[in-house]
Amino acid sequence: MIEFENVTKTYPDGTTAIENVSFSVEAGTTTVLVGPSGCGKTTTMKLVNRLEDPTDGTVSVDGTDNRELDEIDLRRNTGYVIQEIGLFDHRTVGENIATVPKLVGWDDERIDERVRELLDLMDLSRGFRDQYPSELSGGQRQRVGVARALAADPDVLLMDEPFGALDPITRDRLQNEFLDIQERINTTILFVTHDIDEALKMGDRIAIFDVGEVVQYDTPQAILDDPKNEFVADFIGEDRSFKRLDITPVTEVMGPPDGEYAAAIDGNTDATTATDGGSSYDGEALSPDDSVKAALDRLLRSDAPALPVVENGEVIGVVADEHIRASFGRRSDARQGAT
Amino acid sequence: MLSSSPAGPISLAGGYVRFAAENAEALVELLVEHSVITAETVVIATPLAIVLGVASTYNDRLATVVLWLAGIAMTIPSLALFGLLIPFLGIGSPPVVFTLVLYSQLPVIRNTYVGLTGVDESITEAGRGLGMTRRQRLRRIQIPIALPVILAGVRNAVVIVIGVATVGAYIGAGGFGDLIFDGIRQGNVEAIVVATIAVSVFALAVDYGLATIEQLLRLRNGDDIERKTSTQLVWRVLA
């Protein structure tokens, strides 16, 4: 768990990066710091592994003020990924990944095994191990960057716009993969981005920054439901409902499988699922992991009035227009009331 | 007059070749002497300059002073330095090597400084974030990455050293300079020309060899460069 308590950071030249920021990141969750450039989100992240020290207030990791910790040890226990990746070009991929384990003195056998494990985890072929970073594509390089950050199994992982320099397709793929990995590694992640869509997609919680302060700190759903002020609303953009569709799983809106739509979904359960990429439309059944956006997309393309949600071959629910509308209706009312 | 006899330059060149052939053994001996002076200088000068270059990256003011002094050292005429050093170091190669070490400092210090400070900031930032100490970053990241640039400085220095070492023969250090001074005393143009060509060829050969190593280091660092034939050859053998 990471806690920021009334943290202020002023640089020697007098500029204040962040002022009186307080929030806490629960262990094992992903918190995204998002905001326009120059809002202090990167500085906030760097306070965690003491690449910067606060002028005022405390940053504590698992209850200990991190200024009481040795900064070198702290950094070795904290994974760090940056947009520019910063791979050591004169070292092989394997050596890059092994950086921290080597620094903390693991034996060769353990390092060897860990490197192999991480190549598999990051979906990199083992042949890359002895290649040099310059021979890899941008996406592969960032995979190596993430592997290097995870090598010594850190409790905390800091990611500063990790996918920012990648093309949209690669970025999307890496985001999806990383969501998968995130579930497996149980690490507390602090993720910095200026892209609200990425924040909504990756974060369990989101801290929205505006020049040096946290304007709203909440779950993606809550932020979309109820932006605290105009800045947040502007930052999220016009298509708020649409974004909600994208991050809401169908399981949250679906109706019971034995209701009025039972006939419509009969015999329609063995089809493949639509992924977020939305490229497979062989069948019409949805998987519980699908977003409501994917469900709506399929409904629009399909003749059927409703689609089944199938888990392990069993229909666990059904989604029709009215379910989607019902779960969003309350929110659109609330919004009309507010304006 | 030169153009009137087409055989002129050819017979001239023939004379040099004959001279070189007749004195082959002596030339080899001079080459060895010249090489030893050069090698001694490089072995002493390079570590010293790298240490000074590394130290300069820690402190801007120190960098200014060090580069300024190294620049001044290069402006002192070699003969004057020899004269000043003979009372302390005697004649022969010691004062010459001392002088050459001084002359080598500027290119190597400068390139070490430029090489180390020129390492892509994201790479040192990553090293810092991963928990490398300053010394570890220097040893494991900055120096290896800066190595081709540092070597370019050494190349630069070696060419200067090989040239200036010739003057060292004046105070008994040996090398190709001996032949040049003999030639001057005896009015033997062939000796002067052959020795001069030998010095140049020697310098070019060493420079080419070091340039190849520099390119190999660049390739290992992942730089995309146009490869020399020799680099291509060695790279393929290594791969």
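The values are calculated or read from the model by the stated rules, or taken from the named source; none is laboratory data. Here the structure is a predicted model, which means the values were calculated and not measured. Positions of Cβ are generated from backbone atoms using ideal geometry, with glycine treated the same way; all protein chains shown enter the neighbour counts. Remember, those area values only see protein heavy atoms, side chains included, never the ligands or the DNA or RNA. Shrake-Rupley method; radii C 1.70, N 1.55, O 1.52, S 1.80 Å.
Restricting the first member to the range B:144-158 and to residues that are under 18 Å from residue B:71 (Cα atoms), and the second to residues that are of a type in the set (Asp, Glu) and part of a helix (DSSP H, G or I), the beta-carbon pairs closer than 8 Å and six or more apart or on different chains are B:152/B:214; B:155/B:207; B:155/B:214; B:158/B:207.
Here is a yes/no grid of residues against (1) under 23 Å from the mean Cα position of the chain (by Cα); (2) open to solvent by less than 30 Å² (accessible area, probe 1.4 Å); (3) more than 14 Å from chain A (Cβ to nearest Cβ); (4) more than 29 Å from residue B:119 (Cβ to Cβ):
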position: B:168; (1), (2), (3), (4): yes, yes, yes, yes
position: B:188; (1), (2), (3), (4): no, no, yes, yes
position: B:194; (1), (2), (3), (4): yes, yes, yes, yes
position: B:199; (1), (2), (3), (4): yes, yes, yes, yes
position: B:207; (1), (2), (3), (4): yes, no, yes, no
position: B:228; (1), (2), (3), (4): yes, no, yes, no
position: B:234; (1), (2), (3), (4): yes, no, yes, no
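Any chance the range A:93-109 includes a residue that's open to solvent by 40 Å² or more (accessible area, probe 1.4 Å) and in contact with a helix residue (DSSP H, G or I) (Cβ under 7 Å, 6 or more places away or on another chain)? Break it down into steps so the answer makes sense when it comes.
At the first step, the residues of the range A:93-109 found to be open to solvent by 40 Å² or more (accessible area, probe 1.4 Å) are A:95, A:102, A:104-109.
The next check asks that each one be in contact with a helix residue (DSSP H, G or I) (Cβ under 7 Å, 6 or more places away or on another chain); those that pass are A:102, A:104.
Yes, the conditions are met somewhere in the range A:93-109.
Is at least one residue of the range B:224-239 in contact (Cβ under 8 Å) with a residue 60 or more places away in the chain and either on the phi < 0 side of the Ramachandran plot or not hydroxyl-bearing (Ser, Thr, Tyr) (or both)? No: the range B:224-239 contains no residue that is in contact (Cβ under 8 Å) with a residue 60 or more places away in the chain and either on the phi < 0 side of the Ramachandran plot or not hydroxyl-bearing (Ser, Thr, Tyr) (or both). For residue B:77, the requirement of being closer than 17 Å to residue B:149 by Cα and not acidic (Asp, Glu) is not met. Only one of the listed residues (B:135, B:155, B:139, B:128) is facing chain A (nearest Cβ under 8 Å), part of a helix (DSSP H, G or I) and open to solvent by 40 Å² or more (accessible area, probe 1.4 Å). That residue is B:128.
Okay, residues lined up against (1) farther than 30 Å from residue A:114 by Cα; (2) in contact with a strand residue (DSSP E or B) (Cβ under 6 Å, 6 or more places away or on another chain):
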site	(1), (2)
A:8	yes, yes
A:17	yes, yes
A:35	yes, yes
A:74	no, no
A:79	no, yes
A:92	no, no
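Name the single residue that is nearest to residue B:219 (Cα to Cα) among those in the range A:65-78 being more than 9 Å from every other protein chain (Cβ to nearest Cβ) and not hydrophobic (A, V, I, L, M, F, W, C).
First, pick out the residues of the range A:65-78 that are more than 9 Å from every other protein chain (Cβ to nearest Cβ): A:65-70.
Cutting the leftovers down to not hydrophobic (A, V, I, L, M, F, W, C) gives us A:65-68, A:70.
Details: A:65: 45, A:66: 41, A:67: 41, A:68: 43, A:70: 37 Å.
That would be A:70.
Out of B:93, B:104, report the one residue that is closer than 23 Å to residue B:182 by Cβ and touching a helix residue (DSSP H, G or I) at 6+ places or on another chain (Cβ under 9 Å).
Result of the check over B:93, B:104: B:93.
If you check residue A:89 against the conditions, is it within 14 Å of chain B (Cβ to nearest Cβ) and either on the phi < 0 side of the Ramachandran plot or in a helix (DSSP H, G or I) (or both)? Considered against the rule, which asks whether it is within 14 Å of chain B (Cβ to nearest Cβ) and either on the phi < 0 side of the Ramachandran plot or in a helix (DSSP H, G or I) (or both), residue A:89 comes out as yes. Residues of the range A:116-142 being within 12 Å of another protein chain (Cβ to nearest Cβ) and assigned to a loop (DSSP other than H, G, I, E, B), which ones? Hits for the range A:116-142 are A:131, A:132, A:136.
For the range A:147-156, indicate whether the set of residues that are over 23 Å from residue B:133 (Cβ atoms) and assigned by TED's automatic domain parsing to the domain that holds residue A:85 is non-empty. There is no residue in the range A:147-156 that is over 23 Å from residue B:133 (Cβ atoms) and assigned by TED's automatic domain parsing to the domain that holds residue A:85.
Hey, among A:104, A:48, A:81, which residue is more than 30 Å from residue A:129 (Cα to Cα) and either touching a Phe, Trp or Tyr at 6+ places or on another chain (Cβ under 6 Å) or within 12 Å of chain B (Cβ to nearest Cβ) (or both)?
Details: A:104 fails: more than 30 Å from residue A:129 (Cα to Cα); A:81 fails: more than 30 Å from residue A:129 (Cα to Cα).
Testing whether each residue is more than 30 Å from residue A:129 (Cα to Cα) and either touching a Phe, Trp or Tyr at 6+ places or on another chain (Cβ under 6 Å) or within 12 Å of chain B (Cβ to nearest Cβ) (or both) leaves just A:48.
Of all the residues in the range B:170-186, those that are buried (at least 16 other Cβ atoms within 10 Å of the Cβ) and among the β-branched types (Val, Ile, Thr) number 2. For residue B:114, the conditions (1) without any contact (Cβ under 8 Å) to a residue 60 or more places away in the chain; (2) among the aliphatic types (A, V, I, L, M); (3) open to solvent by 10 Å² or more (accessible area, probe 1.4 Å); (4) within 10 Å of chain A (Cβ to nearest Cβ) all hold with the exception of (4).
For residue B:69, indicate whether it is surrounded by 16 or more Cβ atoms within 10 Å (Cβ to Cβ) and in a helix (DSSP H, G or I). Break it down stepwise before answering.
Details: surrounded by 16 or more Cβ atoms within 10 Å (Cβ to Cβ): no; in a helix (DSSP H, G or I): yes.
So residue B:69 does not fit the description; no.
Pairing residues of the range A:172-199 that are on the phi < 0 side of the Ramachandran plot and in a strand (DSSP E or B) with residues that are among the aromatic types (Phe, Trp, Tyr) and open to solvent by 40 Å² or more (accessible area, probe 1.4 Å), at Cβ distances under 6 Å and at least 6 apart in sequence or on separate chains, gives no pairs at all. Kindly evaluate residue A:145 against the criterion of being open to solvent by less than 50 Å² (accessible area, probe 1.4 Å), in a helix (DSSP H, G or I) and within 14 Å of chain B (Cβ to nearest Cβ). So residue A:145 fits the description; yes.
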